[in-house]
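Chemist: Sending over a structure as structure tokens; questions will come in a sec.
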Ligand SMILES: [Zn+2]
């Protein structure tokens with residue numbers, strides 16, 4: 001996410017807590033809690049910024065960028081909106097940027113996303129906040145392709161939920177027996193969140209034509225998901241140049257933002273003279289199709305390793321009694337489709353099982369592995 005209006009204020013309030021160690025780079029300063037991490041951040045960041053400048057048409061050069069590598073939970077959340085992406089970029093005086101990124105398995109993705117905000121040139125000015133988020137996600141995907149299958153899934157789940165389709169998700173159950181012999185079951189996972197009132201095409205039109213997503217904290221995750229969904233479609237059809245052309249045309253015509261209709265057409269939707277509701281039907285159909293049982297089955301089979309890696313790195317914290325050494329599978333990992341069908345993912349793919357085990361941390365003090373009673377097995 002990029003913020004501008006509160007930038008100076010926020011910069012002042014964050015500046016006191018910069019991580020202790022720093023490394024100068026040609027682009028700015030890399031900060032981290034220890035010198036080795038600061039060095040690694042600098043090595044990752046400099047070539048990445050150059051690569052983004054090359055792939056992103058009309059990017060700026062010579063911006064001053066400072067990057068803080070932080071524990072995810074220490075990154076301030078200035079708008080109290082949660083960090084679906086986990087990073088944030090503050091504008092400082094217009095040509096300098098402070099970027100805060102979490103030290104996690106998503107670092108490369110998030111760093112590329114935030115750098116993209118910082119080096120978007122003025123020709124992108126009319127893009128609109130939701131599509132800008134999508135553009136940053138598109139660039140991030142090129143720099144951390146291992147996360148792409150999961151990020152795509154999250155995008156579809158988040159976008160589908162805006163229109164009321166929130167069945168699809170990724171879930172795990174955790175069963176434990178307490179001292180009295182009682183069984184406790186806890187569900188952990190993720191899926192799209194349904195907004196208080198479901199979106200219509202008119203809502204989508206309104207939000208897509210807003211300069212920034214910052215004023216809409218409640219809708220922020222949804223806006224990022226739908227913006228990403230559309231930008232991937234646009235870029236797959238005509239490259240990032242076609243997205244830039246929409247921005248340039250909007251500027252030429254004196255518009256503040258790329259109109260909704262242009263973005264939808266560039267993404268391949270037919271606006272034409274269809275019946276009321278026809279556009280919404282087209283859109284929703286294309287958002288939910290990748291969440292069908294068959295599509296999820298394919299995802300598990302084709303991208304099992306990427307999914308397994310994500311599962312291990314994202315969820316291990318929540319399953320402390322499982323360890324990498326003894327790990328076979330933890331209970332009931334499922335992907336649920338939009339039709340409500342559960343796919344038992346660990347049973348479907350050896351790659352997924354192997355990748356999860358390979359990336360699952362080995363813990364020194366592992367609680368005894370509890371045999372889950374029959375009744376709680378699939
Ligand atoms: Zn962003």
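Read the figures in this text as sums done on the coordinates, not as results from a lab. Only a predicted model underlies this, so the values are computations on that prediction, with no experimental measurement involved. Backbone-built Cβ (ideal geometry, glycine too); neighbour counts: all protein chains shown.
Chemist: Only Cα pairs within less than 10 Å get springs; with that Gaussian network setup on the chain, which residue of 335, 127, 44 has the largest fluctuation?
Modeler: Taking springs between Cα atoms under 10 Å, the residue moving most is 44.
Chemist: Now, a different point. Would you give the gap between the C-alpha center of region 40-54 and the C-alpha center of region 180-208, rounded to a whole Å?
Modeler: 35 Å
Chemist: Further question on the same structure: What FRET efficiency comes out for the pair residue 265/residue 211, r = Cβ-Cβ distance, R0 = 25 Å, nearest 0.05?
Modeler: 0.75
Chemist: Full extension from residue 64 to residue 320: what is 0.36 nm times the residue separation minus their Cα-Cα distance, to one decimal in nm?
Modeler: Stretched fully, the residue 64-residue 320 segment lengthens by 88.0 nm.
Chemist: Now a separate question. Calculate how many DSSP beta bridges within the chain are antiparallel, expressed in % of all such bridges and rounded to the nearest 5.
Modeler: Once the DSSP bridges in the chain are tallied, antiparallel ones form about 70 percent.
Chemist: While we're on this one: Indicate the gyration tensor shape class of the chain (rounded, prolate or oblate), computed on the Cα atoms with a ≥ b ≥ c the square roots of the eigenvalues: a/c under 1.5 is rounded; otherwise a/b larger than b/c is prolate and the rest oblate.
Modeler: Oblate.
Chemist: When you count, for each residue, the other Cβ atoms within 10 Å and take the mean per peptide, how do 31-39, 180-188 rank with the highest first?
Modeler: The peptides rank, most packed first, as 31-39, 180-188.
Chemist: Rounded to the nearest 500, what is the 222 nm mean residue ellipticity of the chain from helices alone, with -39500 (n - 2.57) per DSSP H run of 4+ residues and division by all residues?
Modeler: -14000 deg cm²/dmol, from helical runs alone.
Chemist: Rounded, prolate or oblate: which fits region 117-241, taking a ≥ b ≥ c as square roots of the Cα gyration tensor eigenvalues, rounded meaning a/c under 1.5, else prolate when a/b beats b/c?
Modeler: Because a/c hits 1.5 or more and a/b exceeds b/c, region 117-241 counts as prolate.
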